[in-house]
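Beneath this line is the structure, given in structure tokens, with notes to follow.
The values are calculated or read from the model by the stated rules, or taken from the named source; none is laboratory data. Bear in mind that the values here come from a model prediction, so they are computed numbers and not experimental data. So basically every Cβ, Gly included, is an ideal-geometry build from the backbone, and we count neighbours across all protein chains shown.
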Amino acid sequence: MAADIKGMKTWSKLAKHKRRPSEYEIVTTNLQTRNRHREQAYELSPAPDLAMNEWYRKYVFDSPLQHEDWETFRDPDQLVYRVYTRTQDVQESYIDGLLDDHSDIAHDTGLHADWLNVLERLYTPRRYLQTALQMGAAYLLQIVPASTLTAAAGFQEGDEFRWLSRIAYRTRELQQSHPERGFAAKEREHWEQGEALQGLRELLEKTLVTYDWGEAFVALNLVAKPAADETLRELGVAARHADDHLLALLIDNQMRDGERCRRWSAALVEFAAPHENNKVIIQGWIDKWMPLATKAIETYCTALPDNEGTANAALGRLQAFHRSLAISA
């Protein structure tokens, strides 16, 4: 008779919980190999001075933001790929329905000339902004020190690409309805030279060259992306006043993705806050980046129609988000 073989009933890292691991834990935790060897994060060469190894050592292992075990972080939504794709498929079907319904009633041909000017200057050029947000999320995906963080950043990148695609789609629709205007032709010019967008452009471009993973996370997820989202929210308010209910509804749906990003970002701050000086470090980075965010919000919101109080409202919501974080006194 074969001897009974007694072994662990789950992965050793999860055994301490004394319960069956969830689907999220099974498919998301402890998937990285980069944190096993400080001197050789990427096991591609016997030489520790491989550029990729040096990069990871400098910007991850030696980041001011530290924790004894980043892998124990958990996304509050416990989102896995299967659930993410099914959820977003439903949302995409909703967006398709909105676009089809408004196309059927020739929505774009009824937009006022003054509002079309706003769309040209402040909405369709945001596909460049979305590209920067996607690139920032992609960098986090590559550099964060835990697979649970990689997953959260990956879904965030997917969200940004979703809206990059939708803004491009709307740009083409507007071009077809108003071929005499600059839709699909002048977005880059507005992004690079339009006064209203220069604050956002400066904020995002500087975020993209912030390499330390901790500061990159704070700059993007706690400052730049929330600031961009708040300007978008104010654009949605203006859209309703201009009877552009399609844009208002699209922005409402985009805010759903933004709120999920804020949830996992706030959870990471709470997770990191008890460790040594992390509260001071995170607050210091927020303070460093907020002047750029303030400038971005003010320059964008000032260009909106009926803009009295819009910048203060957007900035107030961003500051309220910061006060809600676990670093607040």
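Helices (runs of 4 or more DSSP H) wholly in the stretch 147-225 with at least 1 residues that are within 15 Å of the chain's Cα centre (by Cα) and over 25 Å from H107 (Cα atoms) - which ones?
Per the criteria, 147-177, 198-208, 213-217.
Any residue in the stretch 112-120 that is farther than 24 Å from R172 by Cβ, of a type in the set (V, I, T) and buried (at least 19 other Cβ atoms within 10 Å of the Cβ)?
There is no residue in the stretch 112-120 that is farther than 24 Å from R172 by Cβ, of a type in the set (V, I, T) and buried (at least 19 other Cβ atoms within 10 Å of the Cβ).
Let's see how each residue does on (1) surrounded by 22 or more Cβ atoms within 10 Å (Cβ to Cβ); (2) touching an Asp or Glu at 6+ places or on another chain (Cβ under 8 Å); (3) over 24 Å from M135 (Cα atoms); (4) at pLDDT 95 or above:
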residue: H241; (1), (2), (3), (4): no, yes, yes, yes
residue: M255; (1), (2), (3), (4): no, yes, no, yes
residue: L268; (1), (2), (3), (4): yes, no, no, yes
residue: A303; (1), (2), (3), (4): no, yes, yes, yes
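Looking at C261, is it crowded, with 19+ Cβ neighbours inside 10 Å and over 17 Å from the mean Cα position of the chain (by Cα)?
So C261 does not fit the description; no.
Based on this model, can you work out whether P76 counts as in contact with a Gly (Cβ under 8 Å, 6 or more places away or on another chain), surrounded by 13 or more Cβ atoms within 10 Å (Cβ to Cβ) and more than 30 Å from D244 (Cβ to Cβ)?
For P76, the condition - in contact with a Gly (Cβ under 8 Å, 6 or more places away or on another chain), surrounded by 13 or more Cβ atoms within 10 Å (Cβ to Cβ) and more than 30 Å from D244 (Cβ to Cβ) - is not met.
Across the stretch 102-158, which residue is farthest from E25 (Cα to Cα) among those that are in contact with a Phe, Trp or Tyr (Cβ under 8 Å, 6 or more places away or on another chain) and without any contact (Cβ under 8 Å) to a residue 60 or more places away in the chain?
Ranking the candidates gives Q130 first.
One residue is enough: does the stretch 68-87 have a residue meeting the conditions within 17 Å of T33 (Cα to Cα), over 22 Å from the mean Cα position of the chain (by Cα) and touching a residue at least 12 places away in the same chain (Cβ under 8 Å)?
yes
Is it the case, given these coordinates, that V83 is assigned to a helix (DSSP H, G or I), out of contact with any strand residue (DSSP E or B) (no Cβ under 9 Å at 6 or more places or on another chain) and surrounded by 19 or more Cβ atoms within 10 Å (Cβ to Cβ)?
Spelling it out, it is not the case that V83 is assigned to a helix (DSSP H, G or I), out of contact with any strand residue (DSSP E or B) (no Cβ under 9 Å at 6 or more places or on another chain) and surrounded by 19 or more Cβ atoms within 10 Å (Cβ to Cβ).
Here are the criteria: (1) over 22 Å from T207 (Cβ atoms); (2) surrounded by fewer than 20 Cβ atoms within 10 Å (Cβ to Cβ). Tell me which single one Q66 does not satisfy.
(1)
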